[in-house]
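Contents: one structure, followed by commentary.
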Amino acid sequence: MNYYKLPNNTLTLKSGYFVSGISLVLIFLFSTFFEIIINYCKSSVSFELLRQEINKKSYDNALKVSIHRLEPNIPNKMLSFIFYSSFPTLTQVAKQKHLPHNLLSSKIQNQIFSIGSLAKRGDFEEALLELKNIKKSLSILGLLKNKDINESINNTYELLDSLRIESANYGTFDTDKEDLKSKEIRLKRRHVLLAEEFGIFLSLKPLNEKGKELEVYKSGVLEGLPVLKDLKDDIATLPLLKEELDKIGGSVNIQAPNAYEIFTGRLLSLKDSSKQIRNEYEQAIKSITLLDKEKIQTKDAIKNKKFDIDENISKLILALNK
């Protein structure tokens with residue numbers, strides 16, 4: 001009689017498979033665990049590196065760091081495959097964009113960085129359209145629920161729209177100034193013609209000196225009238241004016257019973273015309289000064305808005321990488 005029983009080979013084989021399977025699962029879990037820890041450390045370091053590159057305005061390097069950070073590792077790829085296979089709704093989203101969430105975020109970031117370049121080139125319409133597309137993509141992914149991301153997107157849109165308006169205004173300053181300068185020249189010519197008309201009235205020549213086109217008498221009966229050659233200022237009365245005209249060869253020829261009224265009326269009319277021209281000229285000069293001031297302010301505003309856009313882009317990139 002055989003007192004020894006041979007072991008069950010089938011049972012032993014099954015036990016071996018079980019132990020091997022458990023071992024493989026444990027090895028995978030441990031390797032995954034350690035890789036997660038390593039990736040977490042790398043992620044922290046790369047996030048700080050990303051922040052540094054953004055602060056240095058090295059956007060090309062920042063984009064490279066960001067894309068590298070968001071590229072899924074092996075465990076994430078496996079988990080993503082299981083996750084997307086288990087949830088059809090998210091699978092549809094992934095198929096709709098033809099890219100998984102991580103790689104899609106990298107694509108979005110590339111678009112985001114391009115907004116700054118478009119704004120600097122003055123392609124505001126294209127930048128606004130690009131931002132709308134980005135917002136739509138982030139909305140599909142549910143990322144707009146993040147307060148920081150949503151706030152950065154909205155702020156960037158408002159800044160871009162404001163920058164578009166400011167830049168359009170800035171482009172009109174030179175044209176407006178040229179128009180005012182032309183008006184300034186025309187007003188000087190009008191006053192020179194008025195001086196010639198006044199000179200003909202008194203049989204004298206106008207001053208005709210460059211830089212003195214708007215010169216008028218400061219006091220006396222001639223106050224506010226264009227300056228004529230050889231006719232002095234501060235003539236107190238009309239009789240004294242007649243004496244002065246006789247001295248320098250001037251005269252007034254009015255053949256009418258009411259010559260005095262015609263003469264004084266003509267002087268008042270010339271004074272009013274001169275005053276109107278000089279007022280318009282002063283207003284044109286003030287407008288030019290104000291325009292120059294507004295141009296500087298607008299230039300500063302454009303510069304500040306471009307800076308704020310860069311800041312919001314940086315915040316958005318960092319928020320997407322958290």
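Remark: the K212-E294 segment gains 26.6 nm on full extension, using 0.36 nm per residue and subtracting the alpha carbon distance.
Pairs exceeding 21 Å between alpha-carbon atoms, taken from K120/K303; K120/K147; K181/K205; K181/K218; K181/K271; K136/K299: K120/K147; K181/K205; K181/K218; K181/K271; K136/K299. Taking amide H as placed 1.01 Å from N in the peptide plane, the amide H of I235 sits under 5 Å from that of V221, L222, each at least 5 places away or on another chain.
A straight chain from E244 to D179 at 0.36 nm per residue would run longer than the Cα-Cα distance by 19.2 nm.
Across the alpha-carbon set of the stretch 244-322, the Rg to Rh ratio works out to 1.63, Rh being the Kirkwood radius.
Potential lengthening of the chain between Q255 and K275 amounts to 4.4 nm, from the contour at 0.36 nm per residue minus the alpha-carbon distance.
Rounded to the nearest whole Hz, the Karplus-based 3J(HN,Hα) values (6.51 cos²θ - 1.76 cosθ + 1.60, θ = phi - 60°) of the stretch 224-233 follow the sequence x, 9, x, 6, 10, 5, 6, 8, 6, 8, with x at glycine and proline. Here the Debye sum runs over all C-alpha atoms of the stretch 148-254 as equal scatterers in vacuum, and log10 of I(q)/I(0) at q = 0.16, 0.23, 0.24 Å⁻¹ comes out as -0.78, -1.17, -1.23.
With every protein chain in place and a 1.4 angstrom probe, the accessible-area ranking of K145, K136, largest first, reads K145, K136.
The values are calculated or read from the model by the stated rules, or taken from the named source; none is laboratory data. Predicted model only: the values in this text are computed from it and were never measured. Side chains included, ligands, DNA and RNA excluded: accessible areas come from the protein's heavy atoms. Shrake-Rupley method; radii C 1.70, N 1.55, O 1.52, S 1.80 Å.
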